[in-house]
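Structure, as structure tokens:
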Amino acid sequence: MRTPRLILILSLLSLALHAQKYGNEWIRHTQQYFKFPLSKEGVYKIDSTTLSNYFNLSTVNPKNFQLFIKGKEQWLYVKGEADNKMNTGDYLEFFYEGRPGDVDSLIYHKITYLPNPYKALFNDTLYGYLTLNNSFANRHCVLETDTNSAAWPAANYFYYEKVWSPYNYYNRAVEFPENGANSVYTQNEGIGRVIIDNDGTLPGIDSLVYPCSSLNIFNANTNNKIYLTYSSAGEYRLNISFDHRLQLFYPDASGNQTMIQDTTFSGPTPLHQTFTFSPQSFGNAGNIIIRPSPSSLFPSYANIHTVFYTKLNYPHTLNLSGKAYYTLNVANQSGTGKYFYNFSNFNAGSNVELFDLSNGKYIQTVVNGNFVRAVIPDGPIDNKRCVLVRSDSVRTITNLKP
């Protein structure tokens, strides 16, 4: 009887090991991969000169290029791929979203969200991996050439995500007596900005202040919403309840600081809150303020918090504040199929590139001084994430490593 049981156990173990995911399933051992470091969000370029140092471009069909970041295939724009040749002057372009901290989710224990996806615990540099296969169905951007702005209705806003994530402190989440921290990475552990309410004997600032004077909020549409999110955690525990207190303020339509939250909690409890406003009730002046306040139960106790990040997602006017790089969230337009955007006050230079990162489109633009016109088509994925970048702000990669 033992032999059949042993065979059954070994068979089940083999099936379990076969089904286990290791995170490297994207690798094909018949292909060669070339890696390069990425440390900042932005659009990157690899030109034909660099590629010729690693690939025999006379035999390469550019439609066979693949790019992987964080184990996922990325959208590639391949200039000049239509003739199935990689000619001199052709190039690859792609977007790297940054957020190296989201890789850290693999080491956390039983979390429902990552405390700070914008700051990595160990390394702020990741690698991209470039390879070739034999497929013509890789994730390559489609070129959109329609610049006929008169043919489409005009848009007057897009959604923008503003993130504040200053940092000077690692919250190790002391949970036990004698300064004891948990042996695993928990929901309240990460890198952020420490704020302290105390009698002045401890170093640190007593609040975080985020100015709202240059957000360019579009408030003419009453159906739009503004979403304010923050992620934080307390520090230290008195082994008693409600020894921490945190307050959140926002600027109202008149610019007055208005409290939206006043919460008490115990020790290193993690907080992750989202609040919703109408654009008409949120001011284009004033500040978002997060500050600790003495607990009514323990007014003399040092009230220490780590704020991991604060995020505002809101409708934005087409004024781009003189920047040379902008990320946009653009909704599909029911019934029309396309919408015309006339962005103003963009540091455009002579040429501007626009990517639909959700649907894999490279969209041609028309530059007129600091105005940039673009026709953005609908796609299978609504609320498209797009990036607008001045061409000479694209980062160039010149070295690859096998």
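The values are calculated or read from the model by the stated rules, or taken from the named source; none is laboratory data. This structure is a prediction, so every number in the text was calculated from the model and none was measured. We place every Cβ from the backbone using ideal geometry, glycine too, and count neighbours over all the protein chains shown. What goes into the accessible areas is simple: the full protein's heavy atoms, side chains included, and nothing from ligands, DNA or RNA. Shrake-Rupley method; radii C 1.70, N 1.55, O 1.52, S 1.80 Å.
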Exercise for the section: Say whether the condition of being touching a Phe, Trp or Tyr at 6+ places or on another chain (Cβ under 9 Å), over 26 Å from Leu132 (Cβ atoms), open to solvent by less than 20 Å² (accessible area, probe 1.4 Å) and not polar (S, T, N, Q) is met by at least one residue in region 357-364. Expected result: yes
Exercise for the section: With the condition kept exactly as written, say whether any residue in region 303-311 is more than 16 Å from Phe371 (Cβ to Cβ), assigned to a loop (DSSP other than H, G, I, E, B) and either open to solvent by 20 Å² or more (accessible area, probe 1.4 Å) or in contact (Cβ under 8 Å) with a residue 40 or more places away in the chain (or both). Expected result: no
Exercise for the section: Kindly check whether there is at least one residue in region 330-339 that is of a type in the set (A, V, I, L, M), touching a residue at least 40 places away in the same chain (Cβ under 8 Å) and part of a loop (DSSP other than H, G, I, E, B). Expected result: yes
Exercise for the section: Go over the candidates Leu76, Leu92 one by one and state the one that is surrounded by 21 or more Cβ atoms within 10 Å (Cβ to Cβ), in contact with a Cys (Cβ under 7 Å, 6 or more places away or on another chain) and within 17 Å of Tyr44 (Cα to Cα). Expected result: Leu76
Practice task
Check Tyr159, Tyr118 and return the single one that is of a type in the set (Phe, Trp, Tyr), open to solvent by less than 70 Å² (accessible area, probe 1.4 Å), on the phi < 0 side of the Ramachandran plot and not in a loop (DSSP other than H, G, I, E, B).
Solution key: Tyr159
Handout entry: When residues of region 189-219 are limited to those that are in a loop (DSSP other than H, G, I, E, B) and modelled with pLDDT of 90 or more, the one surrounded by the most Cβ atoms within 10 Å (Cβ to Cβ)
Key = Glu189
Completion exercise
Cβ pairs under 6 Å, 6+ apart or interchain, first in region 21-37 and among the aromatic types (Phe, Trp, Tyr), second surrounded by fewer than 12 Cβ atoms within 10 Å (Cβ to Cβ) and at pLDDT 85 or above, ordered by first then second residue, are Phe34/Pro402
Handout entry: Among the candidates Thr258, Thr222, Thr229, Thr263, residue that is open to solvent by 50 Å² or more (accessible area, probe 1.4 Å) and of a type in the set (Val, Ile, Thr)
Key = Thr222
Exercise for the section: With respect to Thr59, determine if the residue is under 30 Å from Thr327 (Cα atoms), open to solvent by 80 Å² or more (accessible area, probe 1.4 Å) and modelled with pLDDT of 90 or more. Expected result: no
